[in-house]
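In what follows, a structure is listed as structure tokens, so that the remarks can point back to it.
The values are calculated or read from the model by the stated rules, or taken from the named source; none is laboratory data. All figures in this text were calculated on a predicted structure; none of them were measured in a lab. Cβ atoms come from the backbone with ideal geometry, glycine included; neighbour counts cover every protein chain shown.
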Amino acid sequence: MGSRCAAGGSGPDRAGAGPISARRSLSPGLQDQLAKYAVVDRSDGMSRDLYASRDAVEALERDPRLREFPVGVLFALEVYSARLVGRDPKTRAPRFEVTPQGHLVRSKDERTLHLMQKVQPGFGSQNWAFGGFDPVTAKPLKLQLPGDCLLCHQAAMMSDMAFSMNLLKHFVTSGAVQYSFCPQPWATIVSVSMTGAAPSPPPVFMALLAP
């Protein structure tokens, strides 16, 4: 879980300042299992909170050089967006509201929750289940699974499909939520909650999403 460049620089979490506070709408099942380990801002104005299950943290505590996560490990990602305040006069690149430290100021909850869980041992996408949901209603997003998720995560094969492995390792050793900036825009296919018919979510997620 994470972004294609979430393995970059890290530091204490100072992101998320502004009118949008941390959401508490995750089901009790998810809240009990997950630890927030990173905030990743993107150049397209999207800001994500990254979460990992306690067993992922414990696995890295036991083996800091861990290459394969144990079955049952769960990753989650929530999405917010910053307010567009203008464009660069030369490049026309968008400019978003930021804190004095240069971190995005969140102004909108995108109501997007992505989940990724290890369901069987081994390397490769076939060992993970993927899902996307509205975290308030628990309704699935309109995604082509697992294809839409694999378009990005297949490039993270060496870290067991997790782009943000380095951020998670820094969190485990320091105890501080990490911050990273990604210059790449987020893939359009997974950036919004889409309307229309949606596929049934993987059964492995249903108990976690129950209110």
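Just give me the residues in the range 95-110 being among the β-branched types (Val, Ile, Thr) and either buried (at least 19 other Cβ atoms within 10 Å of the Cβ) or not in a strand (DSSP E or B) (or both), in sequence order. Spell out how you get there, then give the answer.
To start, the set of residues in the range 95-110 that are among the β-branched types (Val, Ile, Thr) comprises 98-99, 105.
Thr99, Val105, listed by residue number.
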In the range 31-48, anything surrounded by fewer than 22 Cβ atoms within 10 Å (Cβ to Cβ), acidic (Asp, Glu) and either in contact (Cβ under 8 Å) with a residue 12 or more places away in the chain or within 13 Å of Phe171 (Cα to Cα) (or both) is listed as Asp44
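Name every residue in the range 50-68 that is in a strand (DSSP E or B) and within 16 Å of His170 (Cβ to Cβ), in order of residue number. Walk me through it before giving the result.
As a first pass, look at the range 50-68 and keep what is in a strand (DSSP E or B): 50-53.
Hits for the range 50-68 are Leu50, Tyr51, Ala52.
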Being under 18 Å from the mean Cα position of the chain (by Cα) and modelled with pLDDT of 95 or more narrows Leu30, Leu104 down to just Leu104
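Does Leu115 count as of a type outside the set (Lys, Arg) and in a loop (DSSP other than H, G, I, E, B)?
Working: of a type outside the set (Lys, Arg): yes; in a loop (DSSP other than H, G, I, E, B): no.
Answer is no for this residue.
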